[in-house]
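Asks: Quick one: this structure, given as structure tokens, is what I'll be asking you about.
The values are calculated or read from the model by the stated rules, or taken from the named source; none is laboratory data. Computed from a prediction, not measured in an experiment: that's the story for all the values here. Cβ atoms come from the backbone with ideal geometry, glycine included; neighbour counts cover every protein chain shown. Heavy atoms of the whole protein, side chains included, go into the accessibility calculation; ligands, DNA and RNA do not. Shrake-Rupley method; radii C 1.70, N 1.55, O 1.52, S 1.80 Å.
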2 protein chains.
Amino acid sequence: MSDTMAGSNGQMGFSGTRAAAVVGISYRQLDYWARTDLVRPSLADASGSGSRRQYSYRDLLELRVIKSLLDAGIKLESVRKAFSYLRENVDADIAAATLVISGSDVLLCDGDTLIDIVRRGGQGVLNVLAIGSVKTDLDASLVELAQDAPAADLPAAQAG
Amino acid sequence: MSDTMAGSNGQMGFSGTRAAAVVGISYRQLDYWARTDLVRPSLADASGSGSRRQYSYRDLLELRVIKSLLDAGIKLESVRKAFSYLRENVDADIAAATLVISGSDVLLCDGDTLIDIVRRGGQGVLNVLAIGSVKTDLDASLVELAQDAPAADLPAAQAG
DNA sequence: CGGCGTAATTACGCGCCTGTGGTCATCGCA
DNA sequence: TGCGATGACCACAGGCGCGTAATTACGCCG
């Protein structure tokens, strides 16, 4: 009936269409990003026509961060570099920190470190994004769209 | 002999080619930006083939700020919006402040105000750029390139 | 006044990102 | 096991932001 049925472990996935709807991007963007290796669905990748991609909650968070960066006028190419860097150098819990992009340098930091960085304010542009607020917005969108897919649990348990 | 001859008032202009060289962008970019109304030369605009554009020092500063934003991965379209907003709402001395772009809001602020903004860190991306450092870099580039155009005064008198 | 250098103009092409539309494999369901 | 819905795949189009190259016009200088 719905593609958001909870599995036996309570960890549900999101289909491509639903992921795009929740995040607030077009399906074509989601598709393009998946096949150009920006964000691949971590639960189930596509394997030919007719297969189904399955996005995790964490994937949605990444997608939403990317959407925020795009909305802020940042080029997709730049977003790609930032995320490839992040994936190689950071495994910390992303949701708690603030993302800072400064040229080719990317880092996650907490509030005080952030103030420090901004105060010294190198010689380039700083792109600053609080992941926490992104997560809040994402959860709100999830609750909104949950009405269309009744049997799904709300993601409250995932708040970290 | 040179297109950077100082006039009787000491206020010299920069040709298109030199402006591009000093700022560090291609001539095609400068040309494109001029004819699409991003930055027009304030001393003398083009008037047909064979005419000469004349950029002021202030123009160079704007161009350099734009270059910084582009280098940071910000889309030209977004830069356009920011500058059209700035030109309509702000006549303060740009060189002293910090430029902050937050979605469709653009503002110039000093150090303390900046910290305040970052601390509360709205729900989007903040693009932060200290204009002072841009000006410093620009002046350095001017001094470097002055060797190619000997008779020109250094822009030290223009420091704000 | 006629060549010469500079530079603005124009035409053309490319790569990126994305929207549109159609095709086709797969899944859910009866 | 066939049928309809879903969604991945593919071909194409289009705008933006330039690069490249040729063309045209101005200004200077001999």
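Asks: So who's got an amide H within less than 5 Å of the one on B:A44, skipping anything under 5 residues away but keeping other chains? H placed 1.01 Å off N, in plane.
Replies: Counting only residues 5 or more places away or on other chains, the set is B:Q54.
Asks: Oh, and also: For each pair in A:K67/B:K81; A:K81/B:K67; A:K81/B:K81; A:K75/B:K135; A:K81/B:K135, compute the distance between the two Cα atoms and list the pairs where it is over 22 Å. List each step's numbers first, then the result.
Replies: On the way: A:K67/B:K81 19 Å; A:K81/B:K67 19 Å; A:K81/B:K81 25 Å; A:K75/B:K135 25 Å; A:K81/B:K135 28 Å.
Among A:K67/B:K81; A:K81/B:K67; A:K81/B:K81; A:K75/B:K135; A:K81/B:K135, the Cα-Cα distance tops 22 Å for A:K81/B:K81; A:K75/B:K135; A:K81/B:K135.
Asks: In percent, how large is the relative contact order of the range A:52-137, given Cα pairs closer than 8 Å and 6 or more residues apart? Let's see the in-between values first.
Replies: Details: 71 pairs, mean separation 25.6, N = 86.
Relative contact order here is 30 percent.
Asks: As an exercise, find the ratio Rg/Rh for the range B:16-153 from alpha-carbon atoms, using the Kirkwood inverse-distance average for Rh.
Replies: Working: Rg = 15.9 Å, Rh = 16.1 Å.
Reported Rg/Rh, Kirkwood definition of Rh: 0.99.
Asks: Just to confirm my numbers, what's the Cα centroid distance between the range A:54-88 and the range A:96-113 in Å?
Replies: One Cα centre to the other: 14 Å.
Asks: Another question about this same structure. Determine the residues within the range A:127-146 where the difference in accessible area between the chain on its own and the full set of protein chains amounts to at least 10 Å²; count protein heavy atoms only and use a 1.4 Å probe.
Replies: Hits at the 10 Å² cut-off: A:N127, A:V128, A:L129, A:A130, A:S133, A:D137.
Asks: A follow-up question, please. In nm, one decimal, shortest first: how far is the label point of B:T36 (7 Å from Cα along Cα to beta carbon) from the matching points in the other copies?
Replies: For B:T36, the other copies' label points sit at 1.8 nm, shortest first.
Asks: Could I ask something else about it? Using the per-residue mean of other Cβ atoms lying within 10 Å as a proxy for protection, in what order, highest first, do the peptides B:70-78, B:32-40 fall? Mind dumping the intermediate values first?
Replies: Numbers: B:70-78: 18.0, B:32-40: 15.0.
Highest mean packing first, the order is B:70-78, B:32-40.
Asks: How would you rank A:51-63, B:57-69, A:16-28, highest first, on the average number of other Cβ atoms within 10 Å across their residues? Provide the component values of the computation, followed by the final result.
Replies: Values: A:51-63: 19.4, B:57-69: 21.0, A:16-28: 17.4.
Result, highest mean first: B:57-69, A:51-63, A:16-28.
Asks: Which one, A:I131, A:L60, A:A97, is farthest towards the positive end of the dipole of the range A:16-152 when Lys and Arg carry +1 and Asp and Glu -1 on their Cβ?
Replies: A:L60
Asks: Sort shortest first the distances from A:G50 to its counterpart in every other copy, using label points 7 Å along the Cα-to-beta-carbon line, and give them in nm.
Replies: 7.0
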